[in-house]
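In what follows, a structure is listed as C-alpha cells, so that the remarks can point back to it.
The values are calculated or read from the model by the stated rules, or taken from the named source; none is laboratory data. These numbers were taken from a predicted model, which means no experiment stands behind them. Here the Cβ positions follow ideal geometry from the backbone for every residue, glycine too, while neighbour counts run over all protein chains shown.
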C-alpha cells in the first residue's frame, strides 16, 4: 500500500506527502496521521473522507498507529477531502488529496482485432441438465447437456481437474447458490455431493 501522510497539529490537518493517487484504485492507499501532543489520550480516532463529485462522506477507524485504508469510494479525479475526529468530539480542519484520471473503464469492450486471454474458469454452474464453466460470472466455452447423475459427476470432476474451485447451482426457479469446494461421487440412482472445505 502507498501511504498518504498527514500532520494533525491541534485542530489543523495538513497533508505532508503527495504520492501519485490514481482514480478507481481499491485497497491501494493508506492514510497515516501524525498527531500533536494535545491529541494524547484522545480515544477512538476516526478519519473522514469526502468524495469530490457529490460531497458524500465515508469514515474509517484509525488503528493504533493512526492509520487506515482510504475508502475506494472517494478515489476519483480530481481530488478527495480528508479530515479526522476523536474523543468527545475533537475535530480538525479538512485537507485534500489530488487524484489523477485513470484509463480503466468498467464498461470497456474487448477488441475484436487483438487476441484476448482466455479467461480461467472459476465456477461451474449447474442449471437443470446444463453445466457451464464460468469466469467472473461469464460463460467460458460451450455448456454441456447432461442426462444422468453419472454424467454430472464426470463433468464436475473434469471441471475440478481444470482448476474450478466451486460450484454454482441454479434451481428450477432461477435461484442460485455458490456451494464452494466439493468432492463428487456418483452412485445409483443419485449424485452425492460432499462439501470438503470453505
Filtering the stretch 41-70 down to residues that are in contact (Cβ under 8 Å) with a residue 24 or more places away in the chain and under 15 Å from residue 27 (Cβ atoms) yields 49, 60, 67, 68, 69, 70
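In the stretch 50-89, how many are in contact with a helix residue (DSSP H, G or I) (Cβ under 6 Å, 6 or more places away or on another chain) and under 21 Å from residue 104 (Cα atoms)? Show your work before the answer.
Applying the first criterion (in contact with a helix residue (DSSP H, G or I) (Cβ under 6 Å, 6 or more places away or on another chain)) to the stretch 50-89 yields 51, 58, 80.
Keeping just the survivors that are under 21 Å from residue 104 (Cα atoms) gives 51, 80.
Residues that pass the stated criteria total 2.
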**Request:** Could you tell me whether residue 48 is assigned to a strand (DSSP E or B), in contact with a strand residue (DSSP E or B) (Cβ under 6 Å, 6 or more places away or on another chain) and farther than 19 Å from residue 23 by Cβ?
**Result:** yes
Output yes when any residue across the stretch 5-28 is surrounded by fewer than 14 Cβ atoms within 10 Å (Cβ to Cβ), in contact (Cβ under 8 Å) with a residue 12 or more places away in the chain, closer than 30 Å to residue 138 by Cβ and not assigned by TED's automatic domain parsing to the domain that holds residue 136, and no when none is. yes
Within the stretch 1-49, the residues that are over 30 Å from residue 105 (Cβ atoms) and in contact with a helix residue (DSSP H, G or I) (Cβ under 8 Å, 6 or more places away or on another chain) are 8, 10, 45
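Surrounded by 13 or more Cβ atoms within 10 Å (Cβ to Cβ) and either part of a helix (DSSP H, G or I) or without any contact (Cβ under 8 Å) to a residue 12 or more places away in the chain (or both), is that true of residue 73?
Considered against the rule, which asks whether it is surrounded by 13 or more Cβ atoms within 10 Å (Cβ to Cβ) and either part of a helix (DSSP H, G or I) or without any contact (Cβ under 8 Å) to a residue 12 or more places away in the chain (or both), residue 73 comes out as yes.
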Of those in the stretch 81-117 that are under 19 Å from residue 24 (Cβ atoms) and not in a loop (DSSP other than H, G, I, E, B), the residue farthest from the chain's Cα centre (by Cα) is 96
